[in-house]
Amino acid sequence: MRYLSFILFAAGLCFFSCGAPAEKNASGIDPFHYEAQKKGVGANGAVVSAHPLASQVGLSILKQGGNAVDAAIATQLALAVVYPEAGNIGGGGFMAARLSNGKILALDFREMAPAASRRDMYLDEQGSVIPKKSTRGASSSGVPGTVAGLFESMQYAKLPFQKLIDPAIELAEKGFAISEREANALNNQREEFNQYNSSASAFHRDIPFKAGDTLIQADLALTLKRIRDNGRAGFYEGETAKLIVAQMNATGGYISADDLKNYQAKWREPFQFAYKGHTVISMPMPSSGGLLLNQMLKMVEDRPLAEYGALSPQSVQLMTEVERRAYADRAQYMGDADFYKVPVKELTRPEYLKERMKDYAPGKAGSSIVTQAGRIQAKESEETTHLSVIDKEGNAVAVTTTLNDSYGSRTVVAGAGFILNDEMDDFSVKPGAPNMFGAVGGEANAIAPHKRMLSSMTPTIVLKEDKPFLVTGTPGGTTIPTSVFQTIVNIIDFKLSAEDAVNIPKFHHQWLPDRIDIEKKFPDSTRLALQNMGYALSERNSIGRVELIRILPDGSFEAIADSRGEDSAEVF
Ligand code: DON
C-alpha cells in the first residue's frame, strides 16, 4: 500500500526575493526564484542534487512519468547548466543503480587519456612535475565521458531524450538567477578564466557577478541542441567535436577527433559486498570507491563501534586507522583494471584485512611510515557533484560526476560554451608525486594512452532485506570514500538520523599525508584525545556534500541534502 505523500520543509534556504510572484518556465520551474530544501519525505519519488533547480528538473521528470534513470539524466543535464563548477558535459563520472527488477548496474563514463598521452607528459627534461600542466588549461583534459554515459544509460529510461534535455536547454538559453555562492565562485576564478581562454565566455566578464544576476549560456544551449538532435554524435562528432579539437590545437591540448569518436562508456560488474546484514553496491575500477569502502567497512565490522559512539575518540581513532590502511593500498595497487591487474580478491580477503589490523593499537596513533601497503601475493589480475534519485517503483540511481576541481581546467571550449575537465591530474603523473588531493600512486595509476585515471567517486546503494535502503554519494576528491564510509556507519552502527548522518562533522585520513583532516565543528574533547594519542590534526573547510535518500520502513523516501552547500532535496 502506498502512503499519502507529504513534504517536510526544514531549513529551506531562500536565495532570491522568495516573496515575489513566481514565473514558471516550460518545465514548470521558476529559474529566478528558488530555494534549497534540506529535507523532505515523500512516497512517490525523491531527487537530491547540488542545486535546487537541478533537483526540481529531476522531480518534474518523475512527475511526468519518468523513472529514476530518466530523472538522473535530466538532473545531470540541468547541473551542466546551473552548476558549472562541477555539473558538466565536458567531464565524466560513474552511475550505480539498482532497478526495481533487482538488476544492478555500474556505468563507467570516466574520462580517458588521449591517444597522444605519454607516461611522462607532465614532466620536464629533469623529470620534475611541470606546475599546472595537469591541472589547468587544455593540456589537463581527458576525453570527456559524460555524454556517452547519458546515452548508454538511456536504454533503462522511459521517456524520449528530448524531454530530458529540454529543461537544460531552456535554462541555458533563457538563463537563471545565480546565487551569491555561485557569483563569488565565478568572481574568484575570473583571473584564471581570463588566463586559460582567448575568447569571452558566459563565465567571465569585466564587471563582477552578484547574487541574482541572470546567467545566460547561449553557446552551451546550441551544443545541447546538437546533442538533442544528433545523439552522442552531437558531441563526439560534427560541430562540437570540431570546436573541441580547435580548442586543443589553439591551447596545447591532446584530445583528437579520433579520441572523441572512439570514446565509449563501459558497463562494469558492480562492486558488491555484505556489511552487517546489508548489501553494499558501489563502483569497481577505475574508481577506488567500492574497494576502499569494502576494505574499510570490513575492518570495522567486528569491532564495537556502537559502544564507542559517533565522533568519540575510540571510534574516530579506529576509523582513522582503517582509512590509513585502505588508502596505503590505494596508492600501491589501484588503477584502471583494463590496464593493470588490480588484486581485488586479495585486498578484500577476510584474513588479509584481519592481518592488516593486527598492529592496530587503541589509544596510540599509528604511523604511515610503519603502515605501508599490505603485502599480498598478487596472483590475479574540489569539484565534483553527486545526485541520488529513487522512484515509486523502487528504481534507485546514484551518479557522481566531475570536472575534477572547481570549473575543471578553466578552459571553456570556444563556441561550444562548456568547461573542460582537468582529470588528467588524477593519474599519478610521477611515482610518489602527490596530485591536487595529496594522493600518491605509481605504476598502477601511471598514464597510458586510452587508460582511465583512478577515481575516488563512490556512488553507492545499500540494500536491506534485498530492497533499497540507502542511496548516497558525495563530491570531495579523495575524501569521497571516507565520507561514504562514515555516512553508512553513522546510520547502520551509530543509528543516527539520516539528517545527522549527513551533517555531523567528518574526518579523513588518506595514509599520506599522515594526519587527520577534520571539519571546523569537530568536537573539542575528541580533538584533544586524539592529539594525546599522538595524531596530527588539520582543520579544513567542509568535507564533502553528501546527498542521501533513506527508504523508511513504510516504503516512503526520506531525502537529505547536505547542509554544507546549496544542495536541495525534492520529494513528492
Ligand atoms: O575522480 C576523482 O576522484 C576526483 N576527480 C573527484 C574530484 C572531486 O571530488 C572534487 N570535489 N570536490
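Here are the numbers:
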read-out	value
Residue check, TYR360 under 17 Å from LYS298 (Cα atoms), of a type in the set (Ser, Thr, Tyr) and either more than 16 Å from the ligand (Cβ to nearest atom) or in contact with a Lys or Arg (Cβ under 9 Å, 6 or more places away or on another chain) (or both)	yes
Residue satisfying all of: in region 87-113; part of a loop (DSSP other than H, G, I, E, B) and surrounded by fewer than 24 Cβ atoms within 10 Å (Cβ to Cβ); farthest from the chain's Cα centre (by Cα) among these	ASN101
Condition broken by PRO84, with the remaining ones in (1) part of a loop (DSSP other than H, G, I, E, B); (2) surrounded by fewer than 24 Cβ atoms within 10 Å (Cβ to Cβ) satisfied	(2)
Residue match in region 443-451 (condition: under 22 Å from the mean Cα position of the chain (by Cα), outside any loop (DSSP other than H, G, I, E, B), under 18 Å from THR135 (Cβ atoms) and in the same structural domain as HIS204 (by TED's automatic domain parsing))	no
Residue that is farthest from the ligand (Cβ to nearest atom) [pool: residues in region 453-465 that are of a type in the set (A, V, I, L, M, F, W, C) and outside any loop (DSSP other than H, G, I, E, B)]	LEU463
Positions within region 230-250 being among the polar types (S, T, N, Q) and closer than 16 Å to SER117 by Cα, in sequence order	ASN249
Residue satisfying condition, being assigned to a helix (DSSP H, G or I) and either of a type in the set (Phe, Trp, Tyr) or closer than 20 Å to SER563 by Cα (or both), within set THR526, THR482, THR472	THR482
Residue in region 478-486 that is away from the ligand (no atom under 15 Å from the Cβ), more than 23 Å from SER134 (Cα to Cα), among the hydrophobic types (A, V, I, L, M, F, W, C) and touching a strand residue (DSSP E or B) at 6+ places or on another chain (Cβ under 8 Å) present	no
Verdict on GLU499 being more than 21 Å from VAL322 (Cβ to Cβ), within 15 Å of the ligand (Cβ to nearest atom) and charged (D, E, K, R)	no
Scan of region 250-265 for residues that are small (Gly, Ala, Ser) and over 25 Å from the mean Cα position of the chain (by Cα), ordered by number	ALA250, GLY252, SER256, ALA257
Cross-chain or 6+ apart pairs with Cβ under 6 Å, region 422-434 first and in a loop (DSSP other than H, G, I, E, B), then small (Gly, Ala, Ser) and within 16 Å of the ligand (Cβ to nearest atom)	ASP422/SER140; ASP422/GLY408; ASP422/SER409; SER428/GLY441; VAL429/SER134
Selected residue (criterion: farthest from the ligand (Cβ to nearest atom)) from residues of region 409-418 that are touching a Leu at 6+ places or on another chain (Cβ under 6 Å) and of a type outside the set (S, T, N, Q)	GLY415
Close pairs from region 148-159: first at negative phi, partner of a type in the set (D, E, K, R) and part of a helix (DSSP H, G or I), Cβ under 8 Å, at least 6 apart	ALA157/ASP70; LYS158/ASP70; LEU159/ASP70
So ASP229, is it modelled with pLDDT of 95 or more, under 23 Å from ALA78 (Cβ atoms) and of a type in the set (Asp, Glu)	yes
Odd one out for SER406, checked against (1) surrounded by fewer than 24 Cβ atoms within 10 Å (Cβ to Cβ); (2) of a type in the set (Gly, Ala, Ser); (3) more than 16 Å from the ligand (Cβ to nearest atom)	(3)
Strands (runs of 3 or more DSSP E) contained entirely in region 530-571, each with at least 2 residues that are surrounded by 18 or more Cβ atoms within 10 Å (Cβ to Cβ) and more than 16 Å from the chain's Cα centre (by Cα)	547-551, 557-561, 568-571
Any hit, region 426-440, residues being charged (D, E, K, R), within 13 Å of SER134 (Cα to Cα) and either crowded, with 24+ Cβ neighbours inside 10 Å or within 9 Å of the ligand (Cβ to nearest atom) (or both)	yes
Candidates PRO553, PRO468, filtered to the one that is within 21 Å of LEU107 (Cα to Cα) and more than 13 Å from the ligand (Cβ to nearest atom)	PRO468
Long-range neighbours under 6 Å by Cβ, at least six apart or interchain, first residue assigned by TED's automatic domain parsing to the domain that holds LEU220 within region 80-91, second in a loop (DSSP other than H, G, I, E, B) and among the small types (Gly, Ala, Ser)	ALA80/GLY87; TYR83/ALA50; GLU85/SER406
Search result, residues across region 373-408 that are at pLDDT 95 or above and among the polar types (S, T, N, Q)	THR384, THR385, SER388, ASN395, THR400, THR401, THR402, ASN404, SER406
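The values are calculated or read from the model by the stated rules, or taken from the named source; none is laboratory data. All figures in this text were calculated on a predicted structure; none of them were measured in a lab. Every residue, glycine as well, gets a Cβ built from its backbone with ideal geometry; the counts of neighbours run over all protein chains shown.
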